[in-house]
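Okay, so here's the structure we're looking at.
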Amino acid sequence: AYVNGRYQEMRDASVSIEDRGYQFADGVYEVCEVRDGRLVDMPRHLTRLQRSLSELRIALPMPLSSLAVILHEVVRRNRVRFGIVYLQISRGVARRDHGFPLSRVKPSLVVTARTINPAKGAENAARGIKVITVPENRWPRVDIKSTALLPNVLAKQAAREAGAYEAWYVDGDGFVTEGSSSNAWIVTKQGRVVTRPDSSGILSGITRGVLIEALEALQIRFEERPFTPAEAADAAEAFVTAASMIVMPVVAIDGHAIGSGTPGPVARRLREQFHRFAA
Ligand code: PDD
C-alpha cells in the first residue's frame, strides 16, 4: 500500500485515528480496473477525482501526473495483472471538529491494489446477476465520489440477504437512479439501450461514459432517460456498469425474470466489446 509518502506492507499500513476520513468520511475515492497490468481509463478517473476534491474543497495533494505514478507503482509492487487499484484522499488529520481544520492540514492519500481472478467476473457475467430495488436514501450530492457510503453499504447488504448481487435505488418519483456501486441500464424490446442522464441522482460512471461512446460507434440506439423498476422488469435485458464489473448482465429484478432470465445478447456484446473503446 502507499500511505502518505511511503510504500508499506498492507499489514503495517495505517492512518491516524484522527484522520477525518475515519471520523467523518470526509474524503473521496476512485476505483480503477487493472487489466493485463494496465490501468483502464485512468485519465478519466483522475479527472473525476479532481472534480470530487474540488467540490469538497480538499486540495489535490500532488499533481495528477504524480498520482498516476503512484497508482502504477502500487499495481507493479503487488504484481496485479487483473484486479483493481483503489485510491482514497481524505481532508487529513486534525482534532475532531465538524468544520474544516482551522490550520492547514495535508490531505491523506492511500492507494492499494488487489488481484481479482478474471474467471470470477466471467462466471458472474455468464450466469447474470439479480438485483433488488430499495428506496433512494442517499444525499443529493451522489455526483461526488465520496467515501461516505453507509446507505450503499446497507443497500448492498440488503441485496445479499435477498440472494441478489446488487441493489437499485428508486427515487421519490418512482425512477431507478443507480446501483449501490454501479450504474443501471436496460435494453427495451425495441432494442434501445436506456440509462439515466448524469445530470441528477447518479454518479457519472467512467464505465458508463465509455459505454455511451461505444454505443454510438457500434450504431446501437441509445436513449438517456430515467426508467422505472416496472419498465426494467418488462425490458428485454438489463445490466449494470462499474470499473469493478465492466458490463454485468442483470437477469432478475425483485424476483421477476428479465427477458429470458439469462444474459441478453446486447449486454454480452457490450461486455465483449467494452475494452476496444476504453483507454
Ligand atoms: N463504484 N455508481 C456508484 C454509486 C458507484 O459506486 C460506482 C462505482 C458507479 C460506477 O462508476 P465507474 O464506472 O466509474 O466505476 C456508479 C466503485 C467501483 C466502487 O465503489 O467500488
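Relative contact order for the stretch 179-254: 39 percent, from Cα pairs under 8 Å spaced at least 6 residues apart, divided by residue count. A straight Cα-to-Cα reach below 21 Å connects LYS189 with the lysines LYS130, residues fewer than 8 places away in its own chain not being considered. Mind checking which of LEU270, PRO249, SER260 is farthest towards the positive end of the stretch 234-279's charge dipole, using Cβ charges of +1 (Lys, Arg) and -1 (Asp, Glu) about the Cα centre? Most positive-ward Cα: LEU270. Which one of SER180, GLN157, PRO197 has its Cα pushed farthest toward the positive end of the charge dipole of the stretch 151-197, where Lys and Arg give +1 and Asp and Glu give -1 at the Cβ? Checking the options against the dipole of the stretch 151-197, the answer is PRO197. Annotation: amide H of GLU237 within the under-5 Å range of VAL187, sequence separation 5 or more or interchain, hydrogens built in the peptide plane.
For the stretch 2-116, a crude dipole built from +1 on the beta carbon of Lys and Arg and -1 on the beta carbon of Asp and Glu, taken about the Cα centre, is about 140 debye to the nearest 20. Taking the C-alpha atoms only, the angle from helix 206-217 to the longest principal axis of the chain is near 40 degrees. Placing unit charges on each Cβ (+1 for Lys and Arg, -1 for Asp and Glu) gives the stretch 1-112 a dipole about its Cα centre, and among SER65, GLN8, GLY27 the Cα reaching farthest toward its positive end belongs to SER65. In degrees, nearest 10, range 0 to 90: what is the angle between the Cα axis of helix 265-277 and the longest Cα principal axis of the chain? With rounding to tens, the tilt is 40 degrees.
Assuming a ≥ b ≥ c are the square roots of the Cα gyration tensor eigenvalues, decide whether the stretch 37-176 counts as rounded (a/c under 1.5), prolate (otherwise, with a/b larger than b/c) or oblate. Walk me through the numbers on the way to the answer.
Numbers: a/c = 2.26, a/b = 1.19, b/c = 1.90.
Oblate, because a/c is 1.5 or more while a/b does not exceed b/c.
Convex hull volume per residue, computed on the Cα atoms of the stretch 1-95, equals 96 Å³.
With both residues required to sit in the stretch 121-277, DSSP beta bridges show an antiparallel share near 60%.
How large is the charge dipole for the chain, taken about the Cα centre, if only the Cβ atoms of Lys, Arg (+1) and Asp, Glu (-1) carry charge, to the nearest 20 debye? If you can, show how the numbers build up before the last one.
Working: 37 positive and 30 negative charges, 182 e Å.
That gives a dipole near 880 debye.
For the chain, what does the alpha-carbon gyration tensor say about shape, rounded, prolate or oblate, given a ≥ b ≥ c as the root eigenvalues, a/c under 1.5 as rounded, and a/b over b/c as prolate?
Values: a/c = 1.96, a/b = 1.55, b/c = 1.27.
Verdict is prolate for the chain.
Can you give the angle from 0 to 90° between the axis of helix 118-127 and the longest principal axis of the chain, with both taken from C-alpha atoms, to the nearest 10? With both axes taken from Cα atoms, the answer is about 30 degrees.
The phi torsions of the stretch 42-48, fed into the Karplus equation with coefficients 6.51, -1.76 and 1.60 and a -60° offset, translate into couplings of 4, x, 5, 4, 5, 5, 5 Hz, rounded to whole numbers, with Gly and Pro shown as x.
Every number here is computed from the coordinates shown, using simple stated rules; none is lab data. Everything numeric here is computed off the predicted structure, so don't read it as measured data. Please note: Cβ atoms are built from the backbone with ideal geometry, for glycine as well, and neighbour counts cover all protein chains shown.
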